[in-house]
Amino acid sequence: MQAANSKGSNRSLGEWIFESCNYLLFTLMGALTIIPFLNLLAKSLSGESAVISGQVGLIPVDWQLSTYKYVLQDSLFIRSFLNSVIITGSGVALSMLMTILAAYPLSKPRLVGRKGFILLYIFTMIFSGGLIPTYLLMQNLHLNNTLFALFLPAMINVYNLLIVKNYFESLPDSLEESAKLDGASNVAILFRIVVPLSLPVLATIALFYAVAFWNDYFNAMIYITKTELKPMQLYLKELLVSSNDEFLRSDNKANIEAAMNLTPQSIQAASILLTTLPIVLVYPFLQKYFVKGVMIGSVKG
């Protein structure tokens, strides 16, 4: 304790100024990040006249919960939300399985043609087939207007794959050699030893996949035309670009009369906040794995 205190008291003026500037910079960055969300929250909780007159800043005016009640009763919102949950859940599960199965053999120098396979994966990071060929492929596979088109083509992200591969390479070979002496197969070694020891990087990659699938709207805009299959982000996109009159006349709303007592801005704000809530709630549970997983998985090449 004394050593730590003496070290802190011996800081030079330049170090103190540098740290103070860092704290100030990060505080400003945090404020710039959270202020838009506070404004959305205030609008979603404010009365109609306050929102229309522009009185709402960061604090709600004329508190009310009718906006959230209206949004949560909207059948289209609920259906889109469930579609996003299905897409994200299925996409993360399949993506993690495929990433682990691909990263494990690529982490072994004894794999014949290992460098060639890695180059092929990296090649796909630089070049892609393009939008039109990909769309034609989905059409020929009869995947258009299905939820499969929103997660099957994106099951493996090469950047995530390389991070997991590097993490697997950092594990000591003695663990696998001991397991083989006990008669364990490669599959048993992977799922009983390697995967449990790799929870930090796997949790981090799962979060990457979850955010990507949850926030994706472009693929849905390309492949989905049926209203009942649209995910949450495409619902939000159409909600935000629609005019006020179109918004209030929409047949997709659960209760048009209730919408007449609310503003499109407040309904949009409530919808956006409810959409971001699931991902925001996931972060605290994976935060302890986040930095450790990325740093260890990125060090070894």
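Computed from the coordinates by the stated procedures, all read-outs in this text should not be read as laboratory data. A quick note: this is a predicted structure, and the numbers were derived from the prediction, not measured. When we count neighbours, we look across all protein chains shown, and the Cβ atoms used for this are built from the backbone with ideal geometry, even at glycine.
What is the magnitude of the charge dipole of region 1-125 about its Cα centre, with +1 placed on the Cβ of each Lys and Arg, -1 on the Cβ of each Asp and Glu, and no other charges, expressed in debye to the nearest 20?
So the dipole magnitude of region 1-125 works out to roughly 840 debye.
Under the Karplus relation 6.51 cos²θ - 1.76 cosθ + 1.60, θ = phi - 60°, what is the ordered set of whole-Hz ³J(HN,Hα) values for region 221-226, x standing for Gly and Pro?
Values, residue by residue: 5, 7, 9, 10, 10, 6 Hz.
Can you give me the Cα centroid spacing of region 167-183 and region 113-165 in angstrom?
Computed from Cα coordinates, the inter-centre distance equals 31 Å.
First measure r as the distance between the Cβ atoms of ILE34 and ILE118, then evaluate 1/(1 + (r/R0)^6) with R0 = 35 Å and state the FRET efficiency to the nearest 0.05.
Taking R0 as 35 Å, the efficiency between ILE34 and ILE118 is 0.30.
When the Karplus curve 6.51 cos²θ - 1.76 cosθ + 1.60 is applied with θ = phi - 60°, which whole-Hz ³J(HN,Hα) does each residue of region 193-202 get, with x for Gly and Pro?
My calculation for region 193-202 gives 10, 5, 4, x, 6, 10, 4, x, 6, 5 Hz in order.
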